[in-house]
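Single-structure report; data block below.
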Amino acid sequence: MRTKIFWSILTVAVLGLALALGAWFGLNTAAFIALACAFAALSVLFANAAARGIVKPLRDFDPEKSGTSPQYREITPLMGRLTRQNQLIDLQMADLKRSQEEFKVITDSMAEGFVLLDTDMKLLSYNPAARRLMGEEDPMSSETFRKAAQKALAGQHNELNMELEGHVYQILASPVETGGRITGAVIVSLDITEKARREAMRHDFSSNVSHELRTPLTSIYGISELMMNDMVKPGDVKGFAKNIHDESGRLIALINDIIKLSELDEGVLELERSDVDLYAVAGSVAERLRPVAAARGVEFAVTGGPTLVYGIPSVIDEMVYNLCDNAVKYNVENGRVLISAATIGGRPAISVSDTGIGIPREHIDRVFERFYRVDKSHSKAIGGTGLGLSIVKHGAAVHGAEVNMKSNPGRGTVVTITFPDPRAEAEQTDRGE
């Protein structure tokens with residue numbers, strides 16, 4: 001580079017010297033001007049060539065390509081700094097890209113919806129879960145969503161619940177701050193449908209238990225108060241005592257059912273399992289309920305043959321008893337109850353059918369809920385705790401069994417419990433699963 005600058009300066013000096021000589025030797029004006037123009041043109045050409053020669057190595061230098069280096073020692077430190085700065089930028093860009101990819105993997109894997117908004121409540125980013133929640137809808141079209149976003153952009157962390165297409169979502173909104181200034185909002189949506197459903201069931205259960213306990217206790221309290229104050233005639237004492245006995249029995253049955261249901265629901269049963277013959281269970285239940293059925297003119301019949309399952313004997317007996325008890329209670333005068341134990345498709349099963357009043361189609365999916373009654377007035381008249389079918393449902397879940405109900409109003413009901421294939425269970429046991 002120094003050489004090229006030197007030759008450029010030398011060329012200009014030579015041209016200046018030539019002009020000076022021309023003036024010294026007294027060239028006329030035209031010749032002097034012609035000589036000056038010629039030397040000027042040559043100077044421009046030499047200067048351009050020198051400039052291109054100087055700039056070309058700088059123009060050809062690429063700091064992003066390793067192995068290239070400037071031809072001028074004077075700018076080597078500058079080019080070195082540019083190269084290092086470029087490498088640092090590459091590292092920072094790689095870290096940023098990796099962080100973005102990690103963030104995307106995390107948000108895409110979230111079951112919760114994730115939405116990022118700017119200060120104008122415009123959608124900046126969202127994950128697939130949020131898209132599943134919103135569908136093609138703009139989240140700001142939801143009054144609840146918009147309210148949560150507005151509070152977050154005002155600097156308030158807030159939680160709201162939103163119902164959408166049969167689901168309940170909890171909306172958690174928080175402001176995003178940068179340099180002490182709110183620059184957006186993050187909104188996370190959680191599907192709490194199951195939690196809300198359980199909460200509603202817990203509330204209904206508490207309410208129903210309170211009601212079911214209050215009724216017999218009120219009756220017992222009232223009768224005992226009359227007897228304590230000698231307000232009962234001697235001839236009526238026996239009748240009042242029977243009422244106390246019946247209501248106490250109802251309380252005991254309710255409490256026992258609640259305890260049993262709680263044990264099944266929470267999985268705290270520690271009873272040993274063994275081979276259970278469904279046909280033998282059916283016969284035992286039929287014998288116990290036959291006197292009650294005979295009082296209503298209901299006939300019991302048991303069909304099938306020995307059918308073994310591996311389970312908890314007391315729970316299976318409770319399940320079959322509750323089904324048969326309902327079949328008697330909700331039957332018609334001179335009706336019939338049939339219990340059948342058999343193997344269907346390689347799976348042991350037991351079914352209880354009756355000729356009773358039946359269940360409307362719209363109630364079939366709900367009769368297994370706790371305290372749910374299709375006809376409350378009829379259920380109150382015949383007694384019962386309202387937990388029998390819930391115990392059947394939870395007992396079946398404990399055994400991995402399936403419960404199927406078919407019913408027609410006025411034509412009766414058939415409930416079938418199908419247990420897992422014992423051969424499949426044996427294979428799993430052998431494999432240590």
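Values quoted throughout were computed directly from the atomic coordinates according to the rules given, and no laboratory measurement underlies them. What you are looking at is a predicted structure, and each value in this text was computed from that prediction instead of being measured. Because the Cβ atoms are built from the backbone with ideal geometry, glycine has one as well, and the counts that use them run over all protein chains shown.
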- Diffing the range 281-292: the Karplus 3J(HN,Hα) column from phi (6.51, -1.76, 1.60, θ = phi - 60°), in whole Hz with x for Gly and Pro, holds 4, 4, x, 5, 5, 4, 5, 5, 9, 4, x, 5
- Note on the structure: For the pair Val332 and Ile344, the simple spin-label estimate (label points 7 Å beyond Cα toward Cβ) gives in nm 2.4 nm
- Query: With θ set to phi - 60° and the Karplus curve 6.51 cos²θ - 1.76 cosθ + 1.60, what are the ³J(HN,Hα) couplings of the range 144-161 in order, to the nearest whole Hz, using x for Gly and Pro?
  - Reply: 5, 4, 5, 5, 5, 5, 4, 5, 5, 5, 8, x, 9, 6, 8, 10, 9, 9
- Message: Cut-off 17 Å, label point 7 angstrom out along Cα-to-Cβ of Arg131: give me the residues of the range 147-189 whose amide nitrogen falls inside.
- Response: 189
- Message: How high is the relative contact order of the range 110-191? Use alpha-carbon pairs under 8 Å, at least six apart in sequence, and give a whole percent.
- Response: 32 percent
- Efficiency of FRET between Asn256 and Thr144 - r from beta-carbon atoms, R0 51 angstrom, step 0.05: 0.70
- Task: Would you work out which of Ser125, Gly184, Ser142 lies farthest towards the positive end of the dipole of the range 110-191? Charges go on Cβ: Lys and Arg +1, Asp and Glu -1.
- Result: Gly184
- Around Val302, which amide H atoms from residues at least 5 apart in sequence, or from another chain, sit under 5 Å from its own amide H, with H modelled in the peptide plane? Ile339
